[in-house]
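As structure tokens, the structure follows; a few thoughts come after it.
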Amino acid sequence: EQGIVNSSSIFPYEIIKNKWTPNEKGWVYPPVGRYQPTRGDLNLLAAMRSSDNIYFAWAILNLGEEKYLDYLKNTLHYTDVLPSDLPIKQARLINKGTEMNRKILSDMAFGQGEMLITPLQVLSMYTAFLNNGDQLQPQFIESITQSDGVSNTVVQENSRTVYLENIMDASTLNTILPTLREVVNTGTAHAIKNKNLQLAA
């Protein structure tokens, strides 16, 4: 959405032994590493399919701290407590007392560093892919009924509730969702592939 990468963007730098050191002034940190080489051109699809940390670190370093943190805080409401039937821990971007730097930012690009988030919040965020960019509020209880021994009366009924509207543009959804499906078909989540379901992960 910020024009930093698109589906055709290819990582342009040399990677040595699965490590990349950003060539920028002030980078005094260890290189960014990945688990294994990515086959073919390192574009968005290949990076998603292989969970390539280097690609995402490169993208976020180009995007910059201000825009990335603004998206997390003000669009995804990442550090807000997610409303739910059950109590949920608050997500965290960095530890209290930690000073933000380019290394922490690069690690955030692939969900590491000091970021913490509950699985339920991740699941809630993923609902945007099937709801035109809207994130749904998780609900565990569909309805509560009361019985008098003869009949049941519904005393509470929960309906679909949008938590956050438009956390992603339609063009972003249309770019990312096919790559998430490919992660299941031929990538790191291949173990959950099911011929009867179209899964994304």
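The values are calculated or read from the model by the stated rules, or taken from the named source; none is laboratory data. Keep in mind that this is a model prediction, so the values were computed, not measured. Cβ sites come from the backbone with ideal geometry, for glycine too, and all protein chains shown count toward neighbours. Surface areas here come from the heavy atoms of the whole protein model, side chains and all, with no ligands, DNA or RNA. Shrake-Rupley method; radii C 1.70, N 1.55, O 1.52, S 1.80 Å.
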Pair list, Cβ under 9 Å, 6 or more apart: segment 72-96 residue over 11 Å from Ser124 (Cβ atoms) and hydroxyl-bearing (Ser, Thr, Tyr), other residue open to solvent by 90 Å² or more (accessible area, probe 1.4 Å) and assigned to a helix (DSSP H, G or I): Thr79/Lys73
Would you mind telling me which numbered condition in (1) modelled with pLDDT of 95 or more; (2) more than 21 Å from Asn6 (Cα to Cα); (3) among the hydrophobic types (A, V, I, L, M, F, W, C) Leu120 fails? (1)
So which residues in segment 102-115 are touching a residue at least 12 places away in the same chain (Cβ under 8 Å) and surrounded by 16 or more Cβ atoms within 10 Å (Cβ to Cβ)? Arg102, Lys103, Leu105, Ser106, Asp107, Met108, Ala109, Phe110, Gly113, Met115
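Which of the residues belonging to segment 66-82 are closer than 15 Å to Gln112 by Cα and assigned to a helix (DSSP H, G or I)?
Taking segment 66-82 first, the residues closer than 15 Å to Gln112 by Cα are 68-69, 72, 78.
Within segment 66-82, Tyr68, Leu69, Leu72 qualify.
Is there a residue in segment 41-64 that is among the β-branched types (Val, Ile, Thr), out of contact with any helix residue (DSSP H, G or I) (no Cβ under 7 Å at 6 or more places or on another chain) and part of a helix (DSSP H, G or I)?
Quick first cut of segment 41-64, residues among the β-branched types (Val, Ile, Thr) only: 54, 60.
Applying the additional criterion that residues be out of contact with any helix residue (DSSP H, G or I) (no Cβ under 7 Å at 6 or more places or on another chain) yields 54.
Now narrow it down to the ones that are part of a helix (DSSP H, G or I): 54.
Yes - at least one qualifying residue is present in segment 41-64.
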The lone condition Thr118 fails out of (1) under 30 Å from Val28 (Cα atoms); (2) touching a residue at least 24 places away in the same chain (Cβ under 8 Å); (3) among the β-branched types (Val, Ile, Thr) is (1)
Filter segment 159-177 for residues that are surrounded by 13 or more Cβ atoms within 10 Å (Cβ to Cβ) and touching a residue at least 40 places away in the same chain (Cβ under 8 Å) and give the result. Tyr163, Leu164, Ile167, Met168, Thr172, Leu173, Thr175, Ile176, Leu177
Looking only at segment 127-152, how many residues end up being outside any loop (DSSP other than H, G, I, E, B), touching a residue at least 12 places away in the same chain (Cβ under 8 Å) and open to solvent by less than 50 Å² (accessible area, probe 1.4 Å)? 4
Residue count for segment 34-57, restricted to those that are open to solvent by 30 Å² or more (accessible area, probe 1.4 Å) and of a type in the set (A, V, I, L, M, F, W, C): 3
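Can you tell me which residue in segment 116-126 is surrounded by the fewest Cβ atoms within 10 Å (Cβ to Cβ), limited to those that are assigned to a helix (DSSP H, G or I) and either over 12 Å from the mean Cα position of the chain (by Cα) or polar (S, T, N, Q) (or both)? Outline the logic, then answer.
Taking segment 116-126 as the starting set, the residues that turn out to be assigned to a helix (DSSP H, G or I) are 119-126.
When the remaining residues are screened for being either over 12 Å from the mean Cα position of the chain (by Cα) or polar (S, T, N, Q) (or both), the result is 120-121, 124.
Details: Leu120: 15, Gln121: 23, Ser124: 20.
The extreme case among them is Leu120.
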Subset of segment 153-201 that is outside any helix (DSSP H, G or I) and among the small types (Gly, Ala, Ser) - its residue that is farthest from Leu130 (Cα to Cα): Gly187
Answer yes if at least one residue in segment 45-66 is touching a Gly at 6+ places or on another chain (Cβ under 9 Å), more than 23 Å from Asn185 (Cα to Cα), among the hydrophobic types (A, V, I, L, M, F, W, C) and modelled with pLDDT of 95 or more, and no otherwise. no
